[in-house]
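Novice: My questions all concern the structure below.
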Amino acid sequence: MGITPQPPIMIAPEETHYTTERLKLVDELKSQGISDDILYAVAQVPLHLFIRRESNWHFIHRPLYSALQVFALRVKPGDVILEKGTGSGYLSALLCVLGAKVYTIEYNPLLHQRAVKLFGQLNYPIHCFTKDEYGFIDFAPYDKIISQLEEKPDILARRLKIGGFAVYTNGTKLMRIIRFEENSYPEEMLMDMKVWEEEG
């Protein structure tokens, strides 16, 4: 099955240096073999609103890592996805632009409030929960799960549909499981981020 054709990449009007940084990120992802649908999403999401510019690594490499995680998740329009660890909200925004129905949990109240406000300003229909809200359980099982936390595979698998994917971290390693059957969810390592950061 081929990749669904995407509209031409259009950068929303904004300050020139932000546009330049976004184009750099799109070019870097393209060189990594990232698919056109994700390149389109990266071009559309206003990165500078999500990422504090403490350093070039924060501005480029963290969003690059987010895009690589989304690529590993093989997102399709209409996928129901749970994200654990909203953070800045950038990854949720990418998933939303890709056409997923996104439910995300943030454990830091300040980050949660900031993400909810930003999603509202951008008209992104993302459902954002705090650690004390359990509404996300009502939408399980999920097609895909992506976690910014270190996770035990069996805990993630319980909230996945049969055939669903989960992408998560284990130390410096980016991992993925596929739930083939009720109790069958083999792990695979996708990349070691320590090596990737050193090379980057």
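The values are calculated or read from the model by the stated rules, or taken from the named source; none is laboratory data. Quick caveat, the model's predicted, so the values are computed rather than measured. Cβ: placed from backbone, ideal geometry, glycine included. Neighbour counts: every protein chain shown. Heavy atoms of the whole protein, side chains included, go into the accessibility calculation; ligands, DNA and RNA do not. Shrake-Rupley method; radii C 1.70, N 1.55, O 1.52, S 1.80 Å.
Novice: With open to solvent by 70 Å² or more (accessible area, probe 1.4 Å) and at pLDDT below 95 as the only criterion, which of 101, 76, 84 stands out?
Specialist: None of the others qualify; the one that does is 76.
Novice: Oh, and also: Is it the case that region 109-116 has a residue that's within 14 Å of the chain's Cα centre (by Cα), open to solvent by 10 Å² or more (accessible area, probe 1.4 Å) and either within 25 Å of residue 29 (Cβ to Cβ) or free of Cβ contacts under 8 Å to residues at least 60 places away in the same chain (or both)?
Specialist: Looking through region 109-116, none of the residues is within 14 Å of the chain's Cα centre (by Cα), open to solvent by 10 Å² or more (accessible area, probe 1.4 Å) and either within 25 Å of residue 29 (Cβ to Cβ) or free of Cβ contacts under 8 Å to residues at least 60 places away in the same chain (or both).
Novice: For the list (1) modelled with pLDDT under 85; (2) in contact with a strand residue (DSSP E or B) (Cβ under 8 Å, 6 or more places away or on another chain); (3) not in a strand (DSSP E or B), I need the number of the one condition that residue 149 fails.
Specialist: So the condition that residue 149 fails would be (3).
Novice: Also, quick follow-up: Taking region 62-73 only, how many residues are free of Cβ contacts under 8 Å to residues at least 60 places away in the same chain and open to solvent by 10 Å² or more (accessible area, probe 1.4 Å)?
Specialist: Count: 3.
Novice: I've got another one for you. Looking at region 145-180, which of its residues are free of Cβ contacts under 8 Å to residues at least 40 places away in the same chain and small (Gly, Ala, Ser)?
Specialist: If the condition is that a residue be free of Cβ contacts under 8 Å to residues at least 40 places away in the same chain and small (Gly, Ala, Ser), then 157, 163, 164, 166, 171 are the ones that fit.
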